[in-house]
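The values are calculated or read from the model by the stated rules, or taken from the named source; none is laboratory data. What you see is a predicted model, and the numbers here were worked out from it, not measured in a lab. Note that we place each Cβ from the backbone using ideal geometry, even for glycine, and neighbour counts take in every protein chain shown.
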Amino acid sequence: MSYNWINAKDYTMNSFLLFDRWALQWIFSDCNVYDWFPGKDRDYKLDMAKALYRYPHVAWYVRNKAPECAAFLDEIQSITFGDWTEEEMRESEAAILQAHETFVVYAFPKVMNEVNYIRNWDEKYLYELVDLKDKLVLDVGSGTGRLAFAAAKKAKRVYASEPCDCLREYMRDKIKAEGIGNVRVLDGEVLNLPYEDDTFDVVMSGHVIGDHYEEEIAETARITKDGGWLVICDGDDEFRRSAPDPELVSRGFEWFRHESAEGGIIYNYRKQVKKYEE
Ligand SMILES: C[S@@+](CC[C@H](N)C(=O)[O-])C[C@H]1O[C@@H](n2cnc3c(N)ncnc32)[C@H](O)[C@@H]1O
């Protein structure tokens, strides 16, 4: 299945020219993305070879932006041209772009703002989780700033941390256009956040924690003050979840449940950080 956030046929491999190094590292690896995206019966490397055939400048960009992808690219580019038709190559291009639609939307923030979990989200779901008044807040993996800009309406200052350059620029443009004075945008990766211990009153995120629960929670707790809050506030999609995330529950997160405007069952979470338990 695919989220169908984009119609891949509307995009080309030139989109890759907007991707950051960390995204290219994932894409040009044995990422198994076809196991859960549409190409179940397709060959990822063959599709990539066909997709890149008409875009040698994209291969050049990847080699130079992310030199660690060279071995994977060598393998792809050693696949010999098999009299592929234009139609076949376009089909492979669409399969690759659809499989990596998350990265495609990161490169086109206005499109990202219209995806299911962002477009109809209501800020009240953040406000019911945590008191933000006059607080120093970090949003990890801000995206287009769904949580950061909502928090900024109440908080003293919000740091929007985002590893994708296109999204950082999108948020900076919005701050400038709307004269938002209390949001600062920075680079940052959830496992290695560039802040001192005990810095923030609230560290929040949406759709970021989950690949490495233990390490991600430890790193976000490290930079949260004693008595501060970790908040996980996802967007409002249409998926009807039947239970809260057991990984978060087992680590002591309280959960909140609501039915979203998109028809989904959404769980949000919070946990107070206690550093000096008696
Ligand atoms: C699904 S989007 C969610 C965006 C936003 N938090 C929201 O809920 O509207 C995931 C975001 O996390 C960022 N991201 C991806 N890997 C990350 C990592 N390792 N550390 C921090 N952010 C990451 C992406 O660039 C993207 O903006």
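Return the residue satisfying two criteria in turn: it lies in segment 201-221 and is closer than 22 Å to Tyr276 by Cβ and out of contact with any Leu (no Cβ under 8 Å at 6 or more places or on another chain), and of such residues it is surrounded by the fewest Cβ atoms within 10 Å (Cβ to Cβ).
Looking at residues that are closer than 22 Å to Tyr276 by Cβ and out of contact with any Leu (no Cβ under 8 Å at 6 or more places or on another chain), I get Glu214.
Restricting to helices (runs of 4 or more DSSP H) lying wholly in segment 77-175: which have 3 or more residues that are within 13 Å of the chain's Cα centre (by Cα)?
In segment 77-175, 101-107 are the helices (runs of 4 or more DSSP H) which contain 3 or more residues that are within 13 Å of the chain's Cα centre (by Cα).
Could you grab me the full set of residues in segment 180-208 that are more than 9 Å from the ligand (Cβ to nearest atom), under 20 Å from Arg21 (Cα atoms) and touching a helix residue (DSSP H, G or I) at 6+ places or on another chain (Cβ under 6 Å)?
Val185
Since Gly82 meets every condition but one in (1) away from the ligand (no atom under 13 Å from the Cβ); (2) at pLDDT 95 or above, which condition does it not meet?
For Gly82, the failing item is (2).
What is the number of the single condition among (1) closer than 21 Å to Val130 by Cβ; (2) acidic (Asp, Glu); (3) under 17 Å from the mean Cα position of the chain (by Cα) that Asp237 does not meet?
(1)
Within segment 137-196, how many residues turn out to be over 23 Å from Ala107 (Cβ atoms) and among the basic types (Lys, Arg)?
Residues flagged as over 23 Å from Ala107 (Cβ atoms) and among the basic types (Lys, Arg) within segment 137-196 amount to 4.
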